[in-house]
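Participant: Let me give you the structure first, and then I'll get to my questions.
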Amino acid sequence: MSEPTPSRPPARPTCLPATQAEQEARRARQAAALRANLQRRKQQTRARAEADQPTPPPPRS
């Protein structure tokens with residue numbers, strides 16, 4: 001037991017280059033989808049706020 005146990009490489013690589021690229025692409029797609037959803041929700045909120053505004057009566061002549 002005087003010799004240290006040699007370190008072994010992991011049984012499965014933590015992340016293959018192709019897998020890492022796929023993960024980065026997926027994160028980029030998710031980020032784009034989240035930004036698009038946020039913009040859509042902001043527009044819906046603005047549209048609802050504008051729809052809730054009472055329309056002023058027409059000017060009397």
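Participant: Being in a loop (DSSP other than H, G, I, E, B) and either modelled with pLDDT under 80 or under 22 Å from the mean Cα position of the chain (by Cα) (or both) is the requirement here; does Arg40 meet it? Let's see the steps before the verdict.
Facilitator: Working: in a loop (DSSP other than H, G, I, E, B): no; either modelled with pLDDT under 80 or under 22 Å from the mean Cα position of the chain (by Cα) (or both): yes.
Against the criterion (in a loop (DSSP other than H, G, I, E, B) and either modelled with pLDDT under 80 or under 22 Å from the mean Cα position of the chain (by Cα) (or both)), Arg40 does not qualify.
Participant: When segment 5-23 is examined, which residues are found to be modelled with pLDDT of 80 or more and under 23 Å from the mean Cα position of the chain (by Cα)?
Facilitator: Residues satisfying the conditions are Thr19, Gln20, Ala21, Glu22, Gln23.
The values are calculated or read from the model by the stated rules, or taken from the named source; none is laboratory data. Fair warning: this is a prediction, and the values are worked out from it, not measured in the lab.
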